[in-house]
1. Quick check on Ile66: is it in a helix (DSSP H, G or I), at negative phi and open to solvent by 50 Å² or more (accessible area, probe 1.4 Å)?
2. Quick check on my filter: what residues within the stretch 1-47 are open to solvent by 50 Å² or more (accessible area, probe 1.4 Å), over 19 Å from Val58 (Cβ atoms), in a helix (DSSP H, G or I) and hydrophobic (A, V, I, L, M, F, W, C)?
3. Looking at (1) among the basic types (Lys, Arg); (2) without any contact (Cβ under 8 Å) to a residue 24 or more places away in the chain; (3) in contact with a helix residue (DSSP H, G or I) (Cβ under 8 Å, 6 or more places away or on another chain), find the lone condition where Lys101 falls short.
4. What pairs come out if I take residues in the stretch 45-68 that are touching a residue at least 12 places away in the same chain (Cβ under 8 Å) and farther than 11 Å from Leu17 by Cα and pair them with residues that are in a helix (DSSP H, G or I) and polar (S, T, N, Q) whose C-beta lies under 8 Å away, six or more apart or interchain?
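The values are calculated or read from the model by the stated rules, or taken from the named source; none is laboratory data. Keep in mind that this is a model prediction, so the values were computed, not measured. Using ideal geometry, Cβ is built from the backbone for each residue, glycine included, and neighbour counts are taken over all protein chains shown. Areas reflect the complete protein model, heavy atoms only, side chains present, ligands, DNA and RNA absent. Shrake-Rupley method; radii C 1.70, N 1.55, O 1.52, S 1.80 Å.
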Amino acid sequence: MRIYITIFLRIMFFVSLAFLVFEYLRVEQLFIQMERGFIDEISVDIIKWPVYVFIVVVVLLMANEIIQFLQVKKNKNSILSAYLTAEYDVSDERAVENTQKAVSLSFVVILSYSFFMIGSYLFIPNYFIDHIWFPLFTTASIPIVGLLTYLITYKGLANH
């Protein structure tokens, strides 16, 4: 259950950060359009919930990291030198080996997925002007895909 909570919080971190940046870019784009003469006047509604969600997620993620580190430090069987973040299971040698395999596969998936996501920007450059969300959310999806790959791989190896 610990790994599900950690991965969920990490994904929520990237999603909430993407929404926070999107809100800023949305407002900034309106000012740029007015400055360049594309629109004469603007009415801006600033949405505040992305800031609050981001702060809550960061606090929960930090608390989770601290709790996990203290649990690893307290466990005599843990391999403390292998601990990096709360996703990494260092409870014993088998868990460390499974973590290494899952991280390796996640890295390969991130590299491949990044290639296709960045390559997709070539095909629709005019799309970005009207839809600033596309490059932002596709970029934010890169670590999310890596985290989900890690979770699925780790759980598959742990149950095997």
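1. Yes: the conditions hold for Ile66.
2. Within the stretch 1-47, Leu25, Phe31, Ile32, Met34 qualify.
3. Of everything listed in (1) among the basic types (Lys, Arg); (2) without any contact (Cβ under 8 Å) to a residue 24 or more places away in the chain; (3) in contact with a helix residue (DSSP H, G or I) (Cβ under 8 Å, 6 or more places away or on another chain), Lys101 misses just condition (2).
4. Asn64/Thr6; Gln68/Thr6
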